[in-house]
Amino acid sequence: MSGSGRKRSRRAGAPSPDRRGHRVAVMLPYPFPGPFDYRVPDALEPRPGDIVLVPLNRRHEIGVVWDEPDGDPVPESRLKPIEAILDAPAMGAPMRRFVDWVAAYTLSPPGEVMAMALRINALRPDAQPAGWRRAEPLPELRLTEPRRRVLAALAAAEPRGGAELMRQAGVGTAVVRGLADAGAIVPAALSAAPPYPAPDPAHPGPELTAEQQGAAKALRRAVAARQFLVTLLDGVTGSGKTEVYFEAIAECLAQGRQALVLLPEIALSAQWLERFARRFGVAPAVWHSELGSRVRRTAWRAVAGGSARVVVGARSALFLPFPDLGLVVVDEEHETAFKQEDGVVYHARDMAVVRARLSAAPAVLVSATPSLETVANVDAGRYRRITLTRRHGGARLPEVAAIDLRKTPPERGRFLAPPLLTAIRESFARGEQAMLFLNRRGYAPLTLCRHCGHRMQCQNCTAWLVEHRLRGQLQCHHCGHAEPIPPACPICGAEHSLVPVGPGVERITEEAAIEFPEARRLVMASDTMPGPAAAAEAARAIGAREVDLIIGTQIVAKGWHFPHLTVVGVVDADLGLAGGDLRAAERTVQLLHQVGGRAGRAEAPGKVLLQTFGPEHPVMQALVAGDLAAFMQREADSRRPGNWPPFGRLAALIVSAETAAAADAAARDLGRAAPHGAGIAVLGPAPAPLAILRGRHRRRLLLKTRRDIAVQPLLRAWLAEVEVPRSVRVDVDVDPVSFL
Ligand SMILES: [Zn+2]
Ligand SMILES: [Zn+2]
């Protein structure tokens, strides 16, 4: 970074007093190894956390005044000056500590972590003009088709933002500018996004049972104490955990502080938002990646200014600038969706606990199927546990049974076994709803030439292409590559020889249409239900009994409340066990238990049927017996001896390169330099299961240590020792969840 401030090495200790006020460290939102020093002009008095404008390589950048500079003797005359302190809410000390902590833990550049917290767009003044509206009609205006579309898009009285307008009308800037020059459209202020009305803690909510009240009281006490404390709120599906932690939010509001709730799939939160509004009278602020930039900006500012009292969001909401965070809730804490796999790789559940600690606030982790990590923390006395044992409103837990596919197989070429078909038919006869669950999108996971045996594979990845028949495509679920289904085998040229192998939800839907032609079907998968609005509409239709049969992927497992659903059929209960990674069994139990938990949530009892080739497998046994605690105990016992998480620590290095030789060479060098010692083991290098991804060859190394040995210092020393060529990437994944 030529002459633009000086990279600052991290060193403890305060600067000498005479330097204070002359220079400051400024963190910039880029992957530099640390903050840069800048000179402070006499007119300015920046304080830590202030948002400032500084020069960098002849550009102006927004940064945050970080902690005290270390007083390294670079003459001040060589430092560039801060240009301005922006009129924006400062980044508080807890947030700055959080950024430092996440960066150190994940081995990410702190500027990259801070970028997530800064949301540069939220700070920039609104672009001019803000939007457009129609002027008085001009009779002499030459109306081309694109111009007509723009004017049509502006037909409603409400002005529209430029980007939105261009998208809607399918035109470029030239068309809009042409219309503006002709005077047909004029700049107009966009109405401010709606502010966030304060949720009312005293708003009358639903009646709580005695058990719920006891749990709510304990959580309220923790919030009132204004201290860091982690509670696992654990309870059977349908026990009303949400209503219980709403009481903790109410206490937080009464204290005048802000609350953050993380959900694994915020896009699917329609029912959650409804419950929140029922309890508090208004909706909370929502934060997720699908928000438009204007809403994002409003939300960010409302959080920073303290007017957004409760935020419900996806994992990135952790980096919102709460000035007074009083409670952090992680709902469905066992969900792997909390792991961010791109950019800064972090686990939002674990970072939420850190965020709460740095804000001296309690954290509540919520799940009917807690992760082994969290249970181990309870057992070790680090977290406390509150358990709800009864379903709300007297509903009973569903009865779970396995269907042995070896004994009662489906008809040839079909996937639904006779006992499952019978159960579904019976539920329809009673006027109830049924659900088929298969965690696989598309029509078939594999397409095979029955003439030569060729399997259709992705051109960029080590992965089979998945047939999506409705779209007439073969798709790669790893890189997004898609191609039309070819009329002939690309290898042997045989026509009409490609056959689907195995089922996806599309194929199950087809089979269900044959078996239950009368039933009204609804498919719930991330590609058929792409946003919050579609999810909300699905929930409404199911609640209004406009649907008889729901066919879905894992998104049906998450938090839904369908009171008329009484039969859940799991099409392939063995599916998740096939991968065989560390958490395969744990995850399968959690997922299938959650799916089953959708059944029988009102008066009518529910039934869950698991189609499996291995009813004797401990996972199936645990689900049928409903004894998850015993299963988790067994899981723990199997992981403890090898120091596997949560009884040891893991970090993965993923080496990738454009050629296999380059990836191998770098992986081998890393392997040779691997750390060693008591309680330290390195596995690999080995080809990743996804050996080629997006055209890059991938190798993995796995560092495993005893729990009392931190992986970060080992990783830092290790990576410093090996010089990899520029063309090779080494990604670090601390506490890996995916092993692909
Ligand atoms: Zn062929
Ligand atoms: Zn691919």
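The values are calculated or read from the model by the stated rules, or taken from the named source; none is laboratory data. A quick note: this is a predicted structure, and the numbers were derived from the prediction, not measured. Cβ placement follows ideal geometry from the backbone for every residue including glycine, while neighbour counts extend to all protein chains displayed. The protein model used for the area step is the full one, side chains on, heavy atoms only, and it has no ligands, DNA or RNA in it. Shrake-Rupley method; radii C 1.70, N 1.55, O 1.52, S 1.80 Å.
When +1 charges are put on Lys and Arg Cβ atoms and -1 charges on Asp and Glu Cβ atoms, the dipole computed for the chain relative to its Cα centre reaches about 880 debye.
In terms of distances greater than 21 angstrom between alpha carbons, the cross-link table entries K241/K558; K241/K339; K407/K558; K217/K241; K558/K607 yield K241/K339; K407/K558.
When shorter helices are ignored and each DSSP H run of at least 4 residues is given -39500 (n - 2.57), the per-residue value for the chain at 222 nm works out to -9000 deg cm²/dmol. For L365, the residues whose amide H sits under 5 Å from its own are T231, L232, L233, V330, ignoring neighbours fewer than 5 places away on the same chain, with H placed 1.01 Å from N. Stretching A625 away from R469 to a fully extended chain increases their span by 52.4 nm, per 0.36 nm per residue minus the current alpha-carbon distance. If the chain linking A513 and R226 were pulled fully straight, counting 0.36 nm for each residue of separation and taking away their Cα-Cα distance, it would gain 97.8 nm. Residues in the stretch 345-350 carry Karplus couplings, in order, of 8, 9, 9, 5, 5, 5 Hz; the curve used is 6.51 cos²θ - 1.76 cosθ + 1.60 with θ = phi - 60°, and Gly or Pro positions show x. Could you give the Stokes-Einstein D for the stretch 499-599 in µm² per second, using the C-alpha Kirkwood radius, 25 °C, 0.890 mPa s? My calculation gives 167 µm²/s for D.
To the nearest µm²/s, what D does Stokes-Einstein give for the stretch 131-249 at 10 °C and 1.306 mPa s, using the Kirkwood radius over alpha carbon pairs as Rh? Estimated diffusion coefficient is 83 µm²/s. Distant-in-sequence amide contacts of A88, defined by a placed amide H-H separation under 5 Å and a gap of 5 or more residues or a different chain, comprise I51.
Spin-label model, Q213 to E341: label points 7 Å out along the Cα-to-beta-carbon direction sit 4.6 nm apart.
The fraction of accessible area contributed by carbon and sulfur in the stretch 523-592 is 58 percent, rounded to a whole number (1.4 Å probe; ligands and nucleic acids excluded). Summary of the geometry: the stretch 34-69 and the stretch 617-674, compared by the centres of their Cα atoms, lie 43 Å apart. Taking the protein heavy atoms of the stretch 228-319 in the context of the full set of protein chains, the accessible area attributed to carbon and sulfur is 49 percent at 1.4 Å. Each part reduced to its alpha carbon centroid, the stretch 476-508 and the stretch 306-382 end up 41 Å apart. With pairing defined as another cysteine C-beta under 4.7 Å, the cysteines of the chain that fail it are C252, C479. Can you work out the Karplus-derived ³J(HN,Hα) for every residue in the stretch 423-435? Use 6.51 cos²θ - 1.76 cosθ + 1.60 with θ = phi - 60°, whole Hz, and x for glycine or proline. Per residue, the Karplus-derived 3J(HN,Hα) values read 4, 5, 4, 5, 5, 5, 4, 7, x, 9, 9, 10, 9 Hz. Summed over the residues of the stretch 49-111 and divided among them, the accessible surface reaches 42 Å² per residue at a probe radius of 1.4 Å. Share of carbon and sulfur in the accessible area of the stretch 331-448 stands at 49%, probe radius 1.4 Å. A P(r) calculated from all alpha carbon pairs of the stretch 591-740, with 5 Å bins opening at zero, reads 2, 8, 15, 14, 13, 11, 10, 10, 8, 5, 3, 1, 0 percent. Residues in the stretch 351-401 average 40 Å² of solvent-accessible surface per residue, probe 1.4 Å, ligands and nucleic acids excluded. Label point of H478 set 7 angstrom out along Cα-Cβ; within the stretch 685-726, amide nitrogens under 19 Å from it belong to 685-702.
Assuming R0 = 56 Å, what is the FRET efficiency of A155 and A678, from their Cβ-Cβ distance, to the nearest 0.05?
In this case the efficiency is close to 0.15.
Computed from phi, the 3J(HN,Hα) profile of the stretch 390-396 under the Karplus parametrisation 6.51, -1.76, 1.60 (θ = phi - 60°) reads 10, 6, 5, x, x, 5, 8 Hz, with x in place of Gly and Pro.
Translational diffusion coefficient of the stretch 535-676 (Stokes-Einstein, Kirkwood radius from Cα pairs, 4 °C, 1.567 mPa s): 70 µm²/s.
Share of Cα-Cα pairs in the chain beyond 37 Å, in percent? Here the tail beyond 37 Å accounts for 50 percent of pairs.
Accessible surface calculations at 1.4 Å, restricted to protein heavy atoms, place the stretch 548-629 at 30 Å² per residue. Farthest toward the positive end of the dipole of the chain, out of C458, L436, P713, is the Cα of P713, where the dipole comes from beta carbon charges about the Cα centre.
Could you tell me how far the Cα centroid of the stretch 217-244 sits from the Cα centroid of the stretch 384-433, in Å? That distance is 31 Å.
Two numbers describe the Cα atoms of the stretch 622-704: Rg and Dmax, which are 17.1, 51 Å.
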